[in-house]
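Since the structure comes first, as structure tokens, the remarks are kept for the end.
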Amino acid sequence: MAETLTGDVLLELLARMLLIRRVEEQLIHLREDAGLLRGHYHVYIGQEATAVAVCRRLAAHDYVFTTHRNHGHLLARGVEPAALIAEILGRTTGCNGGRGGTLHPVAPALGVLHTSAIVGGALPLAAGAALAAKRRGTGMVAVVFFGDGALEEGASYEALNLAALWRLPLLLVCENNSVPPALRRAGQYPSSTHAARELVDVPRALQIPAVVVDGADPRAVDAAVAPLLARARAGEGPAFVEARNSRWPGSYPLWPTIVGEEFDLAWAWEPRRVPEALAEWSASSDPILLLARDLLASGAAGRDRLLALDTAVRAQVAAAVHAALAAPAPPAERALEGVFAPAE
Ligand SMILES: Cc1ncc(C[n+]2csc(CCOP(=O)(O)OP(=O)(O)O)c2C)c(N)n1
Ligand SMILES: [Mg+2]
């Protein structure tokens, strides 16, 4: 039985969720106001609770694999915001020296060995890392975050099957991010592009235990993943979590945009100030507002404490953006370093 998260832990999780939200708002500004992001990009806004709850349960040496929607996973894992922002802007101080950009940032020291923008691409790689972890016999696990779309890819089936056959220490976190609010906690949510009745039917067919969880509730995510990680560490094999989230209205496929106005934590107690276009999502599905309201209702924190936390996060993110913008782009003559083909 997983322990209940204390108010202090939930406040820490809230701070990490706010960090992800504020970093990504700044990325949107850097593109929309300053034209500084090249290419398209994806944000994790609305899914923050899933990453912070899963990553809090990981040990320093565990592996994390993620997707095109990776910013939240990397920040939850502990990548410095300045290093991530610099990477996305293509600066030398980025976590890959500015060579990976938004789709391929890595952080090997934190076990983030690879980020695959190929839908489904991370699953076989994570299964490989889990195999390495199993052979070492040190209780390490690999966690792979992927979208519901990844279950339409053949490579995912092969990875699931091998993980089950070889009892790999692999936690599969499928982030199903377009579920209507009423169906986040339970109930069938069939996909229009998948023949399975429910996504969890797929791993279950391969004898992989699978649970559905409200991805907007960090306590629910924690309660689901804690025993599954313990099981994987004990050699009992892979497990699958379908974390259901409801899509943020600003999450247009290629060019996310701030809807209405920038997020305000005070919306937790002043819902009438929420812009019309965000009102429904904010009330039912914004994981930060849901948690802030719970912390206030339970007396774990007051408004002043929450606002102070947000002020500190905003200052941290402003400093990170400043540092990233001050860093240079890599010089053109170093473009062929770190690639397999020899520089002629
Ligand atoms: C193999 C492959 N096909 C198509 C794409 C283009 N593509 C990028 S993101 C995406 C949607 C993926 O949906 P999902 O896995 O549910 O992730 P979400 O964006 O909803 O988080 C697609 C089709 C891709 N990157 N890789
Ligand atoms: Mg999806």
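The values are calculated or read from the model by the stated rules, or taken from the named source; none is laboratory data. What you see is a predicted model; the values in this text were computed from it and never measured. Neighbour counts are summed over all protein chains in view; Cβ atoms, including those assigned to glycine, are modelled from backbone coordinates with ideal geometry. With ligands, DNA and RNA removed, areas are computed over all heavy atoms of the protein, side chains included. Shrake-Rupley method; radii C 1.70, N 1.55, O 1.52, S 1.80 Å.
A few comments on the model shown:
- As a rough guide to protection, the peptides 248-258, 113-123 ranked by mean Cβ packing within 10 Å, highest first, stand as 113-123, 248-258.
- Averaged over its residues, the range 203-344 has an accessible area of 50 Å² per residue, based on protein heavy atoms and a 1.4 Å probe.
- Residue-span extension gain [His61 to Glu262] - 0.36 nm each, minus C-alpha spacing: 68.8 nm
- Antiparallel %, DSSP beta bridges [both residues in the chain], to 5: 5 percent
- A full extension of the chain between Val339 and Glu32 corresponds to an added length of 107.4 nm, given 0.36 nm per residue minus the alpha carbon distance.
- Summary of packing: across the peptides 26-32, 79-85, 215-221, the per-residue average of other C-beta atoms within 10 Å ranks them, highest first, as 215-221, 79-85, 26-32.
- Accessible area of the chain belonging to carbon and sulfur atoms, whole % at 1.4 Å probe: 56 percent
- Net charge of the neighbourhood of Leu10, taken over other residues with C-beta under 9 Å away and scored Lys/Arg +1, Asp/Glu -1, is -2.
- Only one residue of Pro238, Ala329, Pro124 has its Cα farthest out toward the positive end of the dipole of the chain, where Lys and Arg carry +1 and Asp and Glu -1 on Cβ, and that residue is Pro238.
- For the range 199-248 versus the range 115-136, the gap between their alpha-carbon centres in whole angstrom: 17 Å
- Charge-dipole axis of the range 150-200 as Lys and Arg at +1 and Asp and Glu at -1 on Cβ define it, positive-most pick from Pro180, Leu170, His194: Pro180
- Solvent-accessible area per residue, Å², over the range 95-148 with all protein chains present [probe radius 1.4 Å]: 38 Å²
- The length gained by stretching the chain between Tyr157 and Leu307 to full extension, at 0.36 nm per residue less their Cα-Cα distance, is 49.5 nm.
- One compactness figure for the chain is 0.97, namely its Cα radius of gyration divided by 2.2 N^0.38 Å.
- For the listed peptides 167-179, 201-213, a ranking on the average number of other beta carbons within 10 Å per residue, highest first, reads 167-179, 201-213.
- Kirkwood hydrodynamic radius of the range 1-110, from inverse mean 1/r over distinct Cα pairs, in Å: 14.4 Å
- Dividing the helix sum by the residues of the chain, where each DSSP H run of 4 or more adds -39500 (n - 2.57), gives a mean residue ellipticity at 222 nm of -13000 deg cm²/dmol.
- Once you reduce the range 9-35 and the range 288-344 to the center of their Cα atoms, the two points are 6 Å from each other.
- Taking the Cα centre of the chain as origin and assigning +1 to Lys and Arg Cβ atoms and -1 to Asp and Glu Cβ atoms, the resulting dipole is close to 740 debye.
- Relative contact order [Cα under 8 Å, 6+ residues apart], the chain, whole percent: 21 percent
- The range 1-159, relative contact order in percent, only Cα pairs under 8 angstrom and at least six apart counted: 20 percent
- Note on Arg293/Ala186: beta-carbon distance plugged into 1/(1 + (r/R0)^6) with R0 of 30 Å gives a FRET efficiency of 0.90.
- Looking at the range 30-179 alone, DSSP beta bridges between its own residues are antiparallel in about 10 percent of cases.
- Note on the range 123-238: with charges restricted to the Cβ of Lys and Arg (+1) and Asp and Glu (-1), its dipole about the Cα centre is near 520 debye.
- Each label point was placed 7 Å from the Cα along the Cα-to-Cβ direction; for Thr193 and Arg314 their separation is 3.8 nm.
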